[in-house]
Structures are given as structure tokens and as C-alpha cells.
Amino acid sequence: MLKAKILFVGPCESGKTVLANFLTESSDITEYNPTQGVRILEFENPHVTSNSKGTGCEFELWDCGGDSKFESCWPALMKDAHGVVIVFNADIPSHLKEIEMWYSCFVQQQFLQDSHCMLVAHHKPGSGGDKGSLAFSPPLNKLKLVHSNLEEDPEEVRVEFIKYLKSIINSMSESRDREEMLIIT
């Protein structure tokens, strides 16, 4: 059984924990409590399998605190990560600037492929969830961007997250198959 480690990173108060709980069908949190360091949510998704035989997959979603005081922990968080989801609040202008730093630290410096990274513009309840076009400079403009509004259209982000998980698992499966072929030959 394949096990994938996915990091949820981004600025403080962007909605990482609420989104992580929703996508993993964990408990609801009604009041804001900043994540201290990291929370690890383990889950399986019946819609994601590692091969045509339907072999299941396990996931670890690492909900990482957005405060820079935890920066010294980041190398440990990044170790063996298969994917990174950068969550930000599109209604806060500073978040748009901050995501470049998150991308640099968690994707570029870890040599993760861009296809293993997804941007989520999380719209908090009551924000209106304007899905206007967000202009990103390269290389962020090449990343998959998903708008998340759990109040108005919760299933959209769930469907996109499942597609993302499938792409991560496919990549892991292909990599494992290549390694096995090298051993055989």
C-alpha cells in the first residue's frame, strides 16, 4: 500500500486547518486557534487507488502552522514530502506576496515538481468568495489554482483535491515501477 505525505502550508489565518479538516472529514473547529508547529491527519480516500487492481492508499496530511517562529522546524516537516498545498486567503493582499516564499521554501528548495504543488485561494465565510483572476508571476502562474469556498461550493475543492491526490499517487506508483524495473534488469 502506498503512503503519501502532503503538506498544507501558507500564511497564518489562511484557513489551512479548516480546509484540512473538511478534506479529511475530520472534526469541525468553530473558533480560531493557530496551529502550533504541525498537526498530522491520517486518512484514506476510497476514490484514490494506486493501481488498476484498486490497491488502497494512505495519506498523511501535515497541517503546518503558518507562523515564521516555526521556520526552524520546516526542514523536518519537508522531509519525505510527496506534495505541497499552499493555502492562502485571497482577500488579504500580503498573502499574495507571502506565497512566493512558501513556494520557494517548500517546493523549489525541495526539488518537488510543480505538478506536485497546488495553490488554494481559500475564501472564508462571509467574504463573498470572489473568484476574480489572481495574477501571479512566474513560476507561480504555472501552478494549479483552486478556489475554495466551503460555504458556497464545498464540493469543488474536494473534487480538485481528489484529482491532486490521484496525480501524486500516480507519480509515486510510476517511480516505484521504475525502481523495480532497475532492480530486475
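The values are calculated or read from the model by the stated rules, or taken from the named source; none is laboratory data. Note that this is a predicted model, so its numbers are computed, not measured. Note that each Cβ is placed from the backbone with ideal geometry, even for glycine, and that neighbours are counted across all protein chains shown. Just so you know, the surface numbers come from the protein's heavy atoms only, side chains and all, with ligands and any DNA or RNA stripped out. Shrake-Rupley method; radii C 1.70, N 1.55, O 1.52, S 1.80 Å.
List of remarks:
- Under a Gaussian network description of the chain, with springs only between Cα atoms under 10 Å, the residue in Val107, Val146, Val159 that fluctuates furthest is Val159.
- Per residue, the accessible area of the chain comes to 53 Å² when a 1.4 Å probe rolls over the protein heavy atoms.
- Between the helical axis of 93-103 and the longest alpha-carbon principal axis of the chain there is an angle of about 20 degrees.
- Along the chain, longest interval not containing exposed trypsin sites (Lys or Arg not before Pro), exposed being DSSP loop plus at most 11 other Cβ atoms within 10 Å: 80-185
- Of all accessible heavy-atom area on the chain, the percent that carbon and sulfur account for (1.4 Å): 52
- Cα-Cα pairs of the chain separated by more than 20 Å (percent): 53
- Antiparallel DSSP beta bridges within the chain, percent to nearest 5: 25
- Angle in degrees between helix 154-184 and the longest Cα principal axis of the chain, rounded to the nearest 10: 30
- Rg/Rg_ref, the stretch 76-185, where Rg_ref = 2.2 N^0.38 Å and atoms are Cα: 1.23
- If you sort Met118, Met172 by accessible surface, 1.4 Å probe, largest first, the order is Met172, Met118.
- Taking the helices alone, the chain has a mean residue ellipticity at 222 nm of -9500 deg cm²/dmol, built from -39,500 (n - 2.57) per DSSP H run of at least 4 residues and averaged over all its residues.
- Think of each Lys and Arg Cβ as +1 and each Asp and Glu Cβ as -1; about the Cα centre, that makes the dipole of the chain roughly 500 debye.
- For the stretch 75-126, applying the loop criterion from DSSP together with a ceiling of 13 other beta carbons within 10 Å to the chymotrypsin sites (Phe, Trp or Tyr not before Pro) yields Phe111.
- Options Ser175, Val18, Ala76, ranked by Cα towards positive dipole end of the chain, top entry (Cβ charges): Ser175
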